[in-house]
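Everything on this sheet refers to the single structure shown next.
The values are calculated or read from the model by the stated rules, or taken from the named source; none is laboratory data. Every value quoted in this text rests on a predicted model; they were computed, and no experiment measured them. When we count neighbours, we look across all protein chains shown, and the Cβ atoms used for this are built from the backbone with ideal geometry, even at glycine. With ligands, DNA and RNA removed, areas are computed over all heavy atoms of the protein, side chains included. Shrake-Rupley method; radii C 1.70, N 1.55, O 1.52, S 1.80 Å.
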Amino acid sequence: MSQSLSEECTPLKRKYDACFNAWFEGYLEPAVSASVTPEQRTKFSQEKAAEFEKACGKIWQEYRECVQKAVKDKGLESLLSQARQSHPLKEAPPASHDPPRS
Amino acid sequence: MKFYSQSFLYDDPWSIVSLAYLLRYPNPYANHILSCDVISREVTPEGSLRTTRLILKKGSLPRWAPAGMIQRAESWVLEESEVDPLGKNMRCTTKNLDHVKVMRVEEHIHIRQAEDGKTLQTTEAMFLSGFGWGLTKKIENYGLAKFKANLQRSREGFFVILDLIRQSRMQPM
């Protein structure tokens, strides 16, 4: 499995990834069909969130704390918050009368 | 600004393609991926899984690039994905976080269930440079050409993962 951005977090990341992947395979194949009611969706959401919390909640918290610290230590926080504010595809294109070419 | 778009039809069911997409790193064709971390993840009230990942990629510069255009040939990439297993729909957006003045690259992937148990993937990418100095168009064209050239490689990497999942599914329980 791949590395974490901080060497220190890599063992936690691997443990977390393994746990998540096992949960995720089941999550992708729900017993209910596509034509679900909003109530069924809510129920599905709560069940899956609880299932994940039970199986991987602890390791997720440890891994997340490690990564959050690494992001801070590497000075990546401002880069992340800028990126979450900008959506180039939703903004008007720069002043130009040429139609976009593909 | 330059655009690129393409669709691809897989014979595999949606759940396998989506699983492979989220597990695509590492693979033997992705040596340029230095790290990949989940920075947030939640199940929405509608039952979708929303994930943000932070990826570090090794890049390379074109030979004509002026000295000092980019300090280091590495780039942080943010990947935001949403998987809806009930509607069999997955969307994923990736964009670079640094060197955005030189060029922004944004890629949108949509994976959805098609007829006969097949799966359709559409890819759209956008290249936008604000560099100026008469290089804007050249940089955008370079980005697009590089993207197209790498597409085959990333597809091969993806197929390695897809094959591994197919094999593991064929094993008796």
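Structure notes:
- Within the stretch B:1-39, considering residues that are within 11 Å of another protein chain (Cβ to nearest Cβ) and of a type in the set (Gly, Ala, Ser), the one farthest from the chain's Cα centre (by Cα): B:15
- Residues in the stretch B:60-92 that are under 17 Å from the mean Cα position of the chain (by Cα), of a type in the set (Ser, Thr, Tyr) and closer than 19 Å to residue B:140 by Cα: B:75 only.
- Residue B:153 fulfils the conditions (1) within 21 Å of residue B:5 (Cβ to Cβ); (2) open to solvent by 60 Å² or more (accessible area, probe 1.4 Å); (3) within 13 Å of chain A (Cβ to nearest Cβ) except for a single criterion, (3).
- Qualifying residue in the stretch B:44-54 (condition: in a strand (DSSP E or B), within 17 Å of residue A:28 (Cα to Cα), of a type in the set (Asp, Glu) and open to solvent by 50 Å² or more (accessible area, probe 1.4 Å)): no
- Residues that are without any contact (Cβ under 8 Å) to a residue 40 or more places away in the chain and either polar (S, T, N, Q) or assigned to a strand (DSSP E or B) (or both) within the stretch B:90-102 comprise B:91, B:93, B:94, B:95, B:96, listed in sequence order.
- Candidate set from the stretch B:103-118 (those that are part of a strand (DSSP E or B) and within 12 Å of chain A (Cβ to nearest Cβ)); member that is most open to solvent (accessible area, probe 1.4 Å): B:113
- Scanning the stretch A:20-55 for residues that are open to solvent by less than 30 Å² (accessible area, probe 1.4 Å) and part of a helix (DSSP H, G or I) turns up A:20, A:23, A:24, A:27, A:44, A:45, A:48, A:52.
- Residue that is most open to solvent (accessible area, probe 1.4 Å), among those in the stretch B:1-24 that are in a loop (DSSP other than H, G, I, E, B) and under 28 Å from residue B:139 (Cβ atoms): B:1
- Residues of the stretch A:30-64 satisfying the condition of being touching a helix residue (DSSP H, G or I) at 6+ places or on another chain (Cβ under 8 Å) and either of a type in the set (A, V, I, L, M) or more than 9 Å from chain B (Cβ to nearest Cβ) (or both): A:32, A:36, A:51, A:55, A:56, A:59, A:62
- Index of the failed condition, residue B:78 passing every other in (1) of a type in the set (A, V, I, L, M); (2) open to solvent by 10 Å² or more (accessible area, probe 1.4 Å); (3) within 11 Å of chain A (Cβ to nearest Cβ): (2)
- Filter pass, residue B:72 being more than 7 Å from chain A (Cβ to nearest Cβ), without any contact (Cβ under 8 Å) to a residue 60 or more places away in the chain, surrounded by 17 or more Cβ atoms within 10 Å (Cβ to Cβ) and not aliphatic (A, V, I, L, M): no
- Selection count where residues are within 22 Å of residue B:88 (Cα to Cα), open to solvent by less than 30 Å² (accessible area, probe 1.4 Å) and under 16 Å from the mean Cα position of the chain (by Cα), scope the stretch B:119-150: 2
- Residue within the stretch B:51-63 that is within 24 Å of residue B:129 (Cα to Cα), small (Gly, Ala, Ser) and touching a Lys or Arg at 6+ places or on another chain (Cβ under 7 Å) present: no
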